[in-house]
Amino acid sequence: MKKIIIICIAIAVTAISLYFSIFITYNIDNTRESERNAIIKKVSLLQNKMITISDSSKDILKNSINIEKTITIDNVKFTLFSYSIPKVKFKFAGYAILKKGINNKYKIESFGYGTNLNNDCIIKINKENHLVLYGINYKGKIAKIVGKYDNRNYEVNINRDDEFYLKDFKLNEMIENTNSISMNWTLYDNNLNDITNQINREYNEEVLKYYGK
């Protein structure tokens, strides 16, 4: 009898610990404000480890973060957020991948940000691979983006008024190394003219050369 009681207590303690662990880990509400605050917290933790960055850079980066677009695939949410840095009047793009728990709240599985106009990411969801394309519609000049990977084209049509774009594609094949793929980008205007080189040149001359100064 005593053995049964001990086993029951052990099971109860384990269940309670698991319950609180889930609620502590999955604590992001399904709102843009909650997502934004969680991303700001992640950025803050990361920036505190970067000794070379100034305090003003950290403050402006955090305060400028905004949720721009979100897509939900099953129990995973892919969020595109924008951010700015000092001395550069431009919104760069970052991402966060959030996973839903049994309490219907989320945790951030991974996130990142950088200076690329066009980005790709492969995520595994329920044994399926999804290719996510996201980025910036520089000056509103881009009407269509074609990303080529593994001899297949992935097309994204962009409204002229959209500052950012975000789209996912379900892949037919499983990919072992999801951290790095080689995507070739082609950008088109409303007349389907290839403006890839033009956009990259303007972006480098008007934005990137000021980054980090």
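The values are calculated or read from the model by the stated rules, or taken from the named source; none is laboratory data. This one's a predicted model, so the numbers in the text were calculated from it and none came from an experiment. All Cβ positions, glycine included, derive from the backbone under ideal geometry; neighbour counts span all protein chains shown. Just so you know, the surface numbers come from the protein's heavy atoms only, side chains and all, with ligands and any DNA or RNA stripped out. Shrake-Rupley method; radii C 1.70, N 1.55, O 1.52, S 1.80 Å.
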> How are the Cα pair distances of the range 104-158 distributed, in percent, across 10 Å bins from 0?
Replying inline: 17, 44, 30, 8
> Counting Lys and Arg as +1 and Asp and Glu as -1, what is the net charge of the other residues whose Cβ lies under 13 Å from the Cβ of ASP162?
Replying inline: +4
>> Give me log10 I(q)/I(0) at q = 0.21, 0.28 Å⁻¹ for the range 57-110, Debye formula, one equal scatterer per alpha-carbon, no solvent.
In response: -0.77, -1.03
> How would ARG36, ARG201, ARG160 rank on accessible area, largest to smallest, probe 1.4 Å?
Replying inline: ARG160, ARG201, ARG36
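For the range 69-213, what does the convex hull of the Cα positions come to per residue, in cubic angstrom?
Values: hull volume 18.0 nm³, N = 145.
Measuring per residue, one finds 124 Å³ for the Cα hull of the range 69-213.
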